[in-house]
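The values are calculated or read from the model by the stated rules, or taken from the named source; none is laboratory data. Predicted, not measured: the structure shown is a model, and the values here were computed from it. Every residue, glycine among them, receives a Cβ derived from its backbone with ideal geometry; neighbour counts consider all protein chains shown. Areas reflect the complete protein model, heavy atoms only, side chains present, ligands, DNA and RNA absent. Shrake-Rupley method; radii C 1.70, N 1.55, O 1.52, S 1.80 Å.
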Protein chains: 2
Amino acid sequence: LALRAANVVGRVTGFDRDRARAERARELGIVDEVAADAKSAAENAEILIVAVPVRAIVQAVAEAQPPAGCLVHDVGSTKARIVREVEAVLEDPCRFVGGHPLAGTENTGPESADRHLFRDRVAFVTPSAKTRPEIVQAAEDLWRAVGARPERIDAVRHDDLMAAVSHLPHAVAYSLTSAIADFGPEAVGLTSGGFRDTTRIASSDPIMWRDIFLDNRAPVAAMLERFEKHFARVRALIEAGDAQGLERELSRIRDERRRILG
Amino acid sequence: LALRAANVVGRVTGFDRDRARAERARELGIVDEVAADAKSAAENAEILIVAVPVRAIVQAVAEAQPPAGCLVHDVGSTKARIVREVEAVLEDPCRFVGGHPLAGTENTGPESADRHLFRDRVAFVTPSAKTRPEIVQAAEDLWRAVGARPERIDAVRHDDLMAAVSHLPHAVAYSLTSAIADFGPEAVGLTSGGFRDTTRIASSDPIMWRDIFLDNRAPVAAMLERFEKHFARVRALIEAGDAQGLERELSRIRDERRRILG
């Protein structure tokens, strides 16, 4: 939708395993036509964008069999395994480059499409030693066309970074929601904006997040462990009734947040 | 500000320990005049609203020495101790009733005042056995005047509920921000909306939150423990690579969140 609005693509062919969803995308004007399968969707394509849950990306590229010369790009939230395996299923891996825009909401489906979603957001592009420079350039141009800021990053570093700034917050938001639900029915309807914001991403698609957590298991596990240490410190200060230590810790954290937002 | 906009109060006198802040409130038209101390602010008052960090409320009421017949109401985020102690410092505790609107942002100071803040939000009112019914009614009328929905609740139950839906999310947001900051400077500027939302309340006032955590220590500690169990379960599913169990858990939690929002 964003690429169309930017007038940088011609005919757009869509394919989704869920035929009804694909048809809705066509009705909404997001795609011009719906293909019967991945292979016919990619036939004669100049650009193939794979936007499916991370565990389905490699299979989708294999099924699509994109024609020679076609730029192949994915938008999955994890990168190292995907880049390695997509390169392995393509005859000419040099025309593939992994991608991941730091943009999205907890909503899914064609109705949630937003042509402004990528504006001013970072879009990671993860070339490997095999990727052709023109392919990297072409992918970056697509992101610029929709208003995003492309950033090149190594796929392994990308996954470590995402475990910290995205996958950990999701695991924490799910755990937090689960603990509050466990408190009991009294909480229903009696929440504030704090609850709404801290748990918003716990409404994300369970299959998408199951796959991200499992795909990036080791870096995520390391961040979960790191979180536990920081949580234990805050907890200890509260339980000890250490007013001075707690104020110092909360002030430090508030300042850190400002710094992280850049 | 909201009470003025609703035309239900006459002259508004403000007092703040920080004289410059009080003056800014006057310049912004939030109060008509600034008193030199709490006692002169409360002189001849018909309504006294105490909006200071929870650990300062009892002292503020004691200093104000509100005149006979004056409705005394606070808006602190914890209630059991405050209600008990304010009642103890007042000669006629029957005209005091505790309050807590479920509304607020991470911002502080008169510039952050928003006349629409309370619209459609729950405002807890926590009468005790001592409170006069007309006083409860008067406090509830004030909340209705600014668009809030007053709810009567026992002070101890209020504190348990807040430990679950508000204090736990704050402790988690602080811990999460701390863990991400600890990951390193690579994260600076590379966060998404998920980070921004889940950690927003970690930008809250450290003194206000130090006091809330300590004031409600036992219920907060119980919720921190509950959270740890749920976090451990999500972590175990990820680390075990249990795709089916993880999908089931994330789906259940997503549904619970919808239920809690009511």
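Scan the stretch A:234-262 for residues that are within 19 Å of B:His230 (Cβ to Cβ) and open to solvent by 30 Å² or more (accessible area, probe 1.4 Å) and the total you get is 2. Taking the stretch A:31-55 as the range and being touching a residue at least 60 places away in the same chain (Cβ under 8 Å) and over 17 Å from A:Gly10 (Cα atoms) as the test, the residues that pass are A:Pro53, A:Val54, A:Arg55.
For the stretch B:232-252, the criterion of a residue being within 19 Å of A:Ser192 (Cβ to Cβ) and either within 7 Å of chain A (Cβ to nearest Cβ) or assigned to a helix (DSSP H, G or I) (or both) is satisfied by no position.
In the list A:Arg196, A:Arg210, which residue meets the criterion of being more than 7 Å from chain B (Cβ to nearest Cβ) and either part of a helix (DSSP H, G or I) or at pLDDT 95 or above (or both)? That would be A:Arg196, the only listed residue that is more than 7 Å from chain B (Cβ to nearest Cβ) and either part of a helix (DSSP H, G or I) or at pLDDT 95 or above (or both). Taking the stretch B:103-125 only, how many residues are part of a loop (DSSP other than H, G, I, E, B), within 14 Å of chain A (Cβ to nearest Cβ) and either touching a residue at least 24 places away in the same chain (Cβ under 8 Å) or open to solvent by 70 Å² or more (accessible area, probe 1.4 Å) (or both)? Final tally of qualifying residues: 12.
Of all the criteria given as (1) part of a strand (DSSP E or B); (2) surrounded by fewer than 20 Cβ atoms within 10 Å (Cβ to Cβ), the one not satisfied by A:Ser128 is (1). A Cβ distance below 6 Å, combined with a sequence gap of six or more or placement on separate chains, defines the contacts here; from the stretch A:8-21, residues that are under 13 Å from A:Leu48 (Cα atoms) reach residues that are part of a loop (DSSP other than H, G, I, E, B) and not polar (S, T, N, Q) in the pairs A:Arg11/A:Asp32; A:Val12/A:Val31; A:Val12/A:Asp32; A:Thr13/A:Ala35; A:Gly14/A:Val31; A:Phe15/A:Ala35. Of all residue pairs spaced 6 or more apart or on separate chains, those with beta-carbon atoms under 7 Å, a first member in the stretch A:69-80 that is touching a residue at least 12 places away in the same chain (Cβ under 8 Å) and a second member that is of a type in the set (Asp, Glu) and buried (at least 24 other Cβ atoms within 10 Å of the Cβ) are A:Thr78/A:Asp159; A:Lys79/A:Asp159; A:Ala80/A:Asp159.
Being more than 7 Å from chain B (Cβ to nearest Cβ), among the charged types (D, E, K, R) and touching a helix residue (DSSP H, G or I) at 6+ places or on another chain (Cβ under 7 Å) is the filter; apply it to the stretch A:153-185 and report the residue that is least open to solvent (accessible area, probe 1.4 Å). Per the stated criteria, the residue is A:Asp159.
Residues in the stretch B:41-59 that are under 30 Å from A:Ala243 (Cβ atoms) and either part of a helix (DSSP H, G or I) or open to solvent by less than 70 Å² (accessible area, probe 1.4 Å) (or both): B:Ala41, B:Ala42, B:Leu48, B:Val50, B:Val52, B:Pro53, B:Val54, B:Arg55, B:Ala56, B:Ile57, B:Val58, B:Gln59.
One residue stands out in the stretch B:213-230 among those that are within 7 Å of chain A (Cβ to nearest Cβ) and not hydrophobic (A, V, I, L, M, F, W, C): the one that is least open to solvent (accessible area, probe 1.4 Å), namely B:His230.
A:Val86 fulfils the conditions (1) open to solvent by less than 50 Å² (accessible area, probe 1.4 Å); (2) modelled with pLDDT of 95 or more; (3) within 24 Å of A:Val146 (Cα to Cα); (4) of a type in the set (Val, Ile, Thr) except for a single criterion, (3).
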